[in-house]
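Comments concern the structure below.
The values are calculated or read from the model by the stated rules, or taken from the named source; none is laboratory data. Being a predicted model, the structure only gives us computed values, none of them experimental. Positions of Cβ are backbone-derived with ideal geometry, glycine not excepted, and every protein chain shown enters the neighbour counts.
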């Protein structure tokens, strides 16, 4: 049995791993980094970061699902998403001091929501397959990408 605090800590670990992977992947996109277009329009780096973040959360959720009963997976997903979201929020605030914590709350909620969706779907599955995992990854990545694009183009 895994308690929710451990899922929260796993969310923190997933967020830190995502940051490390995003930095490594960003080396393949020097023109986007140099032009600072990474979060001003749709870029391949933006898509890569969404896939990295959602993949790590899903991997951790799949691992958690092997330790908890299906009916408790949604609570674990809530705590995993909260750990990830709070960590991202704090890291953004640390590196971009001019941002208010209030302006970062939607970023927290997108991680919470995508984790809840993935954990809900996983909790309803009789058994897991790679195809189902890729379908879940595609869904939550699309939701995350749409959120990012709404922020970029409309706010």
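Among the residues making up the range 75-98, those that are surrounded by 14 or more Cβ atoms within 10 Å (Cβ to Cβ) and farther than 16 Å from residue 9 by Cα are 92, 93. Can you confirm whether residue 5 is over 14 Å from the mean Cα position of the chain (by Cα), assigned to a helix (DSSP H, G or I) and either within 26 Å of residue 128 (Cβ to Cβ) or in contact (Cβ under 8 Å) with a residue 60 or more places away in the chain (or both)? Taking the combined requirement at face value, the residue satisfies it. Flag set for residue 114, criterion: under 21 Å from residue 3 (Cα atoms) and in a helix (DSSP H, G or I). Count of the range 14-32 residues, restricted to those that are without any contact (Cβ under 8 Å) to a residue 24 or more places away in the chain and under 20 Å from residue 81 (Cβ atoms), is 1. If you go through the range 110-142, how many residues are surrounded by 15 or more Cβ atoms within 10 Å (Cβ to Cβ) and either within 20 Å of residue 82 (Cα to Cα) or more than 19 Å from the chain's Cα centre (by Cα) (or both)? Total satisfying the criteria: 18.
With respect to residue 71, determine if the residue is closer than 25 Å to residue 43 by Cα and either in contact with a strand residue (DSSP E or B) (Cβ under 8 Å, 6 or more places away or on another chain) or assigned to a helix (DSSP H, G or I) (or both). Taking the combined requirement at face value, the residue does not satisfy it. Those residues that are touching a helix residue (DSSP H, G or I) at 6+ places or on another chain (Cβ under 6 Å), modelled with pLDDT under 95 and under 15 Å from residue 56 (Cβ atoms), I need them from the range 69-98; list them, please. Answer for the range 69-98, where residues must be touching a helix residue (DSSP H, G or I) at 6+ places or on another chain (Cβ under 6 Å), modelled with pLDDT under 95 and under 15 Å from residue 56 (Cβ atoms): just 88. Could you please find all residues in the range 34-58 being loosely packed, with under 15 Cβ neighbours inside 10 Å and either modelled with pLDDT of 90 or more or part of a helix (DSSP H, G or I) (or both)? Result: 34, 35, 44, 47.
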